[in-house]
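Reading through the C-alpha cells given below for one structure.
Every number in this text was worked out from the coordinates using simple rules, so none of it is lab data. Since this is a predicted model, take the numbers as computed values, not measurements. Using ideal geometry, Cβ is built from the backbone for each residue, glycine included, and neighbour counts are taken over all protein chains shown.
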Amino acid sequence: MPSDLTDPFNHIIDHPFDSALSERYLVYALSTITARSLPDVRDGLKPVHRRLLWAMRQLRLDPNQAYKKSARVVGDVIGKYHPHGDQSVYDAMVRLAQDFALRYPLVDGQGNFGNIDGDNAAAYRYTEARLTQVAIDLMAGLDEDAADFRPTYNGEEQEPELFPGLFPNLLANGAAGIAVGMATSIPPHNAAEILDAAIALIDNPDADVLDHVRGPDLPTGGQIVDSPAMIAEAYATGRGGFRVRARWSVEELGRGTWVAIVTEIPYGVQKGKLIEQIAALINDRKFPILADVRDESAEDIRIVLEPRSRTVDAAMMMDGLFRLTDLESRFPLNLNVLDKDRTPRVMSLAQAIRAWVDHQFVVLRRRTEHRLTRIADRMELVSGYIIAFLNLDRVIEIIRTEDEPKPVMMAEFDLTDRQAEAILNMRLRSLRKLEEMELRREREALEKEQAELNLLLGSEARQRTRMKRDMAAIRGRYGPDTELGRRRTVIEEAAAAREIPLEAMIEREPITVILSQRGWIRAMKGHVDLGSSDALKFKEGDGPRLAFHAQTTDKLLLASDRGRFYTLAADKLPGGRGFGEPVRLMIDLEGEIAALLPASAGERLLLAASDGRGFVVRSAEVLAETRKGKQVVTPRAGATLVVVRPVGPDDDYVAVMGDNRRLLVFPLSELAEMTRGQGVQLQRYRDGGMADARTFRFEQGLSWTMGGEQGRTRTESDLGPWRAARGAAGRSPPTGFPRDNRFG
C-alpha cells in the first residue's frame, strides 16, 4: 500500500473545470502560434524549417559539397533540435526542395522529391540533399553574433533563434500555416522587387512599396488578373487574395483546326487533379464544346485542349474552363506573422518590408560590433608578436631557462596574459617566419578597419549607405537578368470569366418529353412520332397527358393550377427506357399540373384562370431557381389556373371561350402585361367560367381542329361579329366549333 506522501489522491486540488481547461488550452494555443505555425517576419521561417537548415549547416552540406542522405538530416533534426515525427520533418524538408512549391528553393534535392502532378516524394532513405546558395545567403552572419542562440529542448546543443541573412525570405518564398484561432497565407514574390522596395524604404520610410512590388511572383508562373486597385487594397490591409489564371495560347494545326495549349498553371494546383477535373467535364458531357484533353508535359507543362469543332471560340472555351476548373484559382493573402517581440499580428506589405529592414539594421550593428571585438583581439596578439620579434633572442632564452616563462615574459615585456600565451603557443617554425613589416602592415590595416567600423556605428547615414550597398549586392544575385530571378508571373488585369451560355454547357440533342396522366415524366432520345402508340407506353392504369419535342438545352416550365411555376432542366429528365419518375420528386409541387412547355416556346405567355381573369407575362419572369418554384398567378378563391399559352410574335388579338359557349375576341393591346398577380377580366360570365383562351393574328382568322381520322381543321377568317372590348360577354361561336369549348 502506498504511504500518505506517495498516494496521488492526497494531492488532488479542487479547481473550476472551465478555468483549468482555459488555462491549459491557452498554453497549447500560444505554443502552436509562436512555436509551430506562424513564420517570423525577420526570416520568414517556422521553427521546423529553421532547424532543418541549421542541422544541414552543421553537417556542412554547402552547395559545393557532396549530397548526404535525407535520412541523416532528418535524424539529426529530430534527435538534436526538433523532437517530432520523422515524416512531418521530412515533408517539410521536401517542400523546401520543390521548385514548384518554393520560388527560391532552400534545399537542393537529389532523387525523387515529388512533382507538380501531386506524386509524393520517395522515402528519405532513397533521397539526398544539400543546401542551396539561397539558404547560405539566408544564414549569413550566424558566425558573427548576428543572432541570438538558445539551448535545444534537452540542453545539449545550441540553435539560432532566427536567421540574420539579407535574403528577404518571408515575402520571396511566402508561407502558409494554420494555428489556433488564426492562420497565415503569404504568396511568393520576386526577391529583386522586394529588395528594391527595401532600398527605397531606407531612404524614405514613407515610400510607396508598390512602385517596386508589382504583385506575387509564383513558382509556377501564371497570370494574376486582378485590377491594380484590388492588389493595392490587399497589400494595404494585409488581407485579401489574388485571382491566378493559367497561361495558354492557340496552336494552329492547319486547315482551320486548332488546339489550346496550357503552359503554366496556377500556384498550388496539382496538374494531375486538374486534368482529372477537365476529363470529368468531358465524360459527364457538362462542357460539350471541349472534345479532349491530353497531358504532353515533359520538363515543361504542356496540356493540350482540343475543341469539339473548329468553329468553337477559343476565348469562350477557356472562359468556361476558368469557371469550372482550377485553371483559375484564388490564392488568399493573410499577412499574419510574428513580429520582433514574437507577437502575432497582420501587417501590410509595407509594414512587413519595413520590419525586415529594421531587423537588418540590427544585424548590421551586431556584425559590426562582433567584427570590432575580433579586430581588438587580433590587434592585441599582433602587438605581442611585434614585441616578440623585436626581442626574439631574449624570448627564446626565457623559454629555455625559466621553469615558468609566462609570468617572466609578462613582467619583462609588459605583455598581457593572451599575448604571452599566444607567443608560448607558437611553433618554432612560426617564430622564424615573424617579420616586423608584415606585422606592422597587418596592424595598420586592422586599425584602419577599426576606425571605419567605429564611424559606421556612430553614423546612421553611413549605416544606410552600407545597407543599400549590401542589398544591391544580394539583388545582383537574384536580379531579373538571372534565370532564378526573372519574373515568372504576369500581372495583367482581365475581366471575370464570362458566363457560358447553357447551349455551350450541355450537348444539344433532340428529345421527346412525355408527361403521363399521373404525373410521371421522362425524355426519350430523338423526336419520336407523337402519334405512335408503340413509342409512348405507360404503366398500367396510367396514360398519356401530353408530349412534345424539345432539345436537351431547353428549360421546361411546369405550371400548377394554383398559379405556381417551376423550372425543369431538359437534360436532367429521366431517360425514356422506363416509365420515368414522378415529377413531384423533382419539385415541391403544390396542387395539380396545369401545363408543361419549353421556356423557349415564346417570349411571352398568356396566363388565365378559370374565373376569366388573366394577363400576359414574359417567359423570363416565370423561371424559378429553386424546387419550391415561383408564385406568378394568384387566383381568387375557388378559381384555378387553366390557360398557359405562348404568345406568338405577330399575334395581335385574344380569343376567349367560356363554359357558357360564348366566344369573345378583343385586341391583345387591351390585356395588361404583368409579372405576377390576378390580372384583369378577360370575359364576363353570368354562370360558369372560362373554358379556354389563346392569342392569334386577326387578319389570319381563327382555326380549330374538326376532329375525326383525317384531322381536318377549319378557319374562320371573318371574326368581326365576335370582336368586342375586353370584359364583354361574347356570343355563340361559329358553326362547327368543338363541343368541348377548347381551341385545341
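Rounded is the label for region 24-186. Its Cα gyration tensor axes, ordered a ≥ b ≥ c, give a/c under 1.5. Derived from the Cα gyration tensor, the three semi-axes of the equivalent ellipsoid of region 136-257 are 37, 20, 17 Å, largest first.
Is it possible to state the helix-based mean residue ellipticity at 222 nm for the chain, with each DSSP H run of 4+ residues giving -39500 (n - 2.57), the sum divided by total residues, to the nearest 500 deg cm²/dmol? What is it?
Numbers: 18 runs with 226 residues, N = 744.
Using -39500 (n - 2.57) per qualifying helix, the result is -9500 deg cm²/dmol.
For region 404-475, the Cα-based Rg and Dmax, in that order, read 19.2, 56 Å. Comparing Cα centroids, region 371-395 and region 687-741 end up 125 angstrom apart. For ASP393, ASP40, the sequence from fewest to most other C-beta atoms within 10 Å is ASP393, ASP40.
Note on region 611-627 and region 245-280: Cα centroid distance 43 Å, given to the nearest whole angstrom. Cα-based values for the chain, radius of gyration first and Dmax second, are 42.4, 153 Å.
Quick check of the Kirkwood formula: for region 302-374, what is the inverse mean of 1/r over all pairs of different Cα atoms, in Å? Could the numbers behind the result be given before it?
Working: mean 1/r = 0.0573 Å⁻¹.
After inverting the pairwise mean of 1/r, the radius is 17.5 Å.
For the chain, a simple Cβ point-charge model (Lys and Arg +1, Asp and Glu -1, everything else neutral) yields a dipole of about 3060 debye relative to the Cα centre.
Taking other C-beta atoms within 10 angstrom as a stand-in for reagent exposure, SER732, SER560 fall in the order SER732, SER560, fewest first.
As a rough footprinting exposure proxy, the listed residues ARG686, ARG330 were ranked by other beta carbons within 10 Å of their own, and the order from fewest upward is ARG686, ARG330. Here the contact order of the chain, divided by its residue count and restricted to Cα pairs under 8 Å and six or more residues apart, works out to 9 percent.
Cα centroid separation, region 646-679 to region 517-577: 27 Å.
Can you classify region 247-326 as rounded, prolate or oblate using the Cα gyration tensor, where a ≥ b ≥ c are the square roots of its eigenvalues, rounded means a/c under 1.5, and otherwise it's prolate if a/b beats b/c and oblate if not? Before the final figure, lay out the partial values.
On the way: a/c = 1.73, a/b = 1.20, b/c = 1.44.
Note, shape of region 247-326 comes out oblate.
For region 24-186, the Cβ-based charge dipole about the Cα centre amounts to some 380 debye (Lys, Arg positive; Asp, Glu negative; other atoms uncharged). Think of region 471-618 as a dipole: +1 on every Lys or Arg Cβ, -1 on every Asp or Glu Cβ, centred on the Cα centre; then among GLY563, GLY476, ILE506, GLY476 lies furthest on the positive end. Ignoring aspartates and glutamates fewer than eight residues from LYS539 along the same chain, the ones with Cα atoms less than 12 angstrom from its Cα are GLU581. The label-point distance for GLU447 and ARG302, in a model that sets each label 7 Å from Cα toward Cβ, rounds to 6.9 nm. From the square roots a ≥ b ≥ c of the eigenvalues of the alpha-carbon gyration tensor of region 599-698, which class results: rounded (a/c under 1.5), prolate (a/b over b/c), or oblate? Note, shape of region 599-698 comes out oblate. Residues whose amide H falls under 5 Å from that of LEU546, counting only those 5 or more places apart or on a different chain, are LEU515, with hydrogens built in the peptide plane.
Charge dipole (Cα centre; +1 on Lys/Arg Cβ, -1 on Asp/Glu Cβ; no other charges) of region 543-599 amounts to roughly 80 debye. 3J(HN,Hα) couplings calculated from phi for region 553-570 with the Karplus curve 6.51 cos²θ - 1.76 cosθ + 1.60 (θ = phi - 60°) are, in sequence order, 7, 6, 9, 9, 9, 10, 10, 8, 5, 8, x, 9, 10, 10, 10, 10, 8, 4 Hz; Gly and Pro show x. Projecting the Cα atoms of GLY648, ILE13, PHE100 onto the dipole axis of the chain, where Lys and Arg carry +1 and Asp and Glu carry -1 at the beta carbon, places GLY648 farthest toward the positive end. Which is farthest toward the positive dipole end of region 126-194 among ILE186, PRO160, LEU131, measuring Cα position about the Cα centre, with Cβ charges +1 (Lys, Arg) and -1 (Asp, Glu)? Farthest towards the positive pole: ILE186. Taking region 295-439, how much of its Cα-Cα pair set, in percent, is spaced more than 20 angstrom apart? Of all Cα-Cα pairs in region 295-439, 72 percent lie more than 20 Å apart. In region 529-678, the C-alpha radius of gyration followed by the widest Cα-Cα span (Dmax) gives 16.3, 47 angstrom.
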